[in-house]
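Chemist: My questions all concern the structure below.
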Amino acid sequence: EEHGGVLDLNACSLDVECARRLSLVLEASKLDRLILSNNEIGDPGVVYLAPSLTNNLHLHRLVLMGNSIGDDGVAALSSALIANRHLRHLDLHDNLITEAGAQSVARLLRYTHHLEELKLGSNAIGDAGVRICAAAIRKNHRGKLATLGLSSNNITDVGARKLKQLVEVHEHTITGMELGFNPIKDERIKDDIKAACVKNKKHSALKSWKHDSKKKRAKGGGADDVAKLT
């Protein structure tokens, strides 16, 4: 696509060989979104795709949900995406990622400065995986992660408390978190997480407004509007 576009291959029975062929053209493509959900590419297919993602300059959204991707596949994917400065949304929902795979995801979360949304629902990272990922996000002071999907991951109150601590820190940008269908018994923790996300969203909007106001003043415009609002 000359000006970007969408390649939607949802539920097309794609296998490892299809992933290999797609990798041959993906790096040079100008696709904005690639949807490969509900196929059969597995770990071997992701290993083929991963290198073509490292230097892709246009892809903003990658959907790999429902592909039987396990820890080896997510390790290859995370290593490739660390160097990618353009991908904003990554969907790994409904795969086979465990605590071991969460370590690879954590490495990506520690070093990427561009990823805004990560969907990891319906995997099995558990409390240990949450702890690892939360620590990585906390250390990434330039990260832009806003939405984190963690539904159906065997997360208990222990992991939920780690997430509560994470979202309550203002310098981080998380404004949305999915935690449904986890064995979290203390509803107050989920309420606190939701409240912290709302507070972070307001804080992020305020920072964005201040940034835009500074740009207007620097350009010599918008002074009257700024005066009214202040």
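The values are calculated or read from the model by the stated rules, or taken from the named source; none is laboratory data. This structure is a prediction, so every number in the text was calculated from the model and none was measured. All Cβ positions, glycine included, derive from the backbone under ideal geometry; neighbour counts span all protein chains shown. Areas reflect the complete protein model, heavy atoms only, side chains present, ligands, DNA and RNA absent. Shrake-Rupley method; radii C 1.70, N 1.55, O 1.52, S 1.80 Å.
Chemist: Can you tell which of G180, G220 is under 28 Å from V130 (Cα atoms) and either outside any helix (DSSP H, G or I) or at pLDDT below 90 (or both)?
Modeler: Only one candidate qualifies: G180.
Chemist: Go through region 20-69 and give me each residue that's open to solvent by 70 Å² or more (accessible area, probe 1.4 Å) and among the hydroxyl-bearing types (S, T, Y).
Modeler: Within region 20-69, Y48, S68 qualify.
Chemist: A135 - would you say it is open to solvent by 10 Å² or more (accessible area, probe 1.4 Å), touching a residue at least 12 places away in the same chain (Cβ under 8 Å), more than 24 Å from P183 (Cβ to Cβ) and not aromatic (F, W, Y)?
Modeler: no
Chemist: Would you point out which residue out of E117, E168 is open to solvent by 10 Å² or more (accessible area, probe 1.4 Å) and under 12 Å from the mean Cα position of the chain (by Cα)?
Modeler: E117
Chemist: Moving on. Scan region 50-66 and tell me whether some residue there is more than 21 Å from R107 (Cα to Cα) and of a type outside the set (A, V, I, L, M, F, W, C).
Modeler: Yes, there is a match, as at least one residue in region 50-66 is more than 21 Å from R107 (Cα to Cα) and of a type outside the set (A, V, I, L, M, F, W, C).
Chemist: Considering only residues that are of a type in the set (G, A, S) and either closer than 13 Å to G101 by Cβ or free of Cβ contacts under 8 Å to residues at least 24 places away in the same chain (or both), look in region 70-80 and name the one that is surrounded by the fewest Cβ atoms within 10 Å (Cβ to Cβ).
Modeler: That would be S79.
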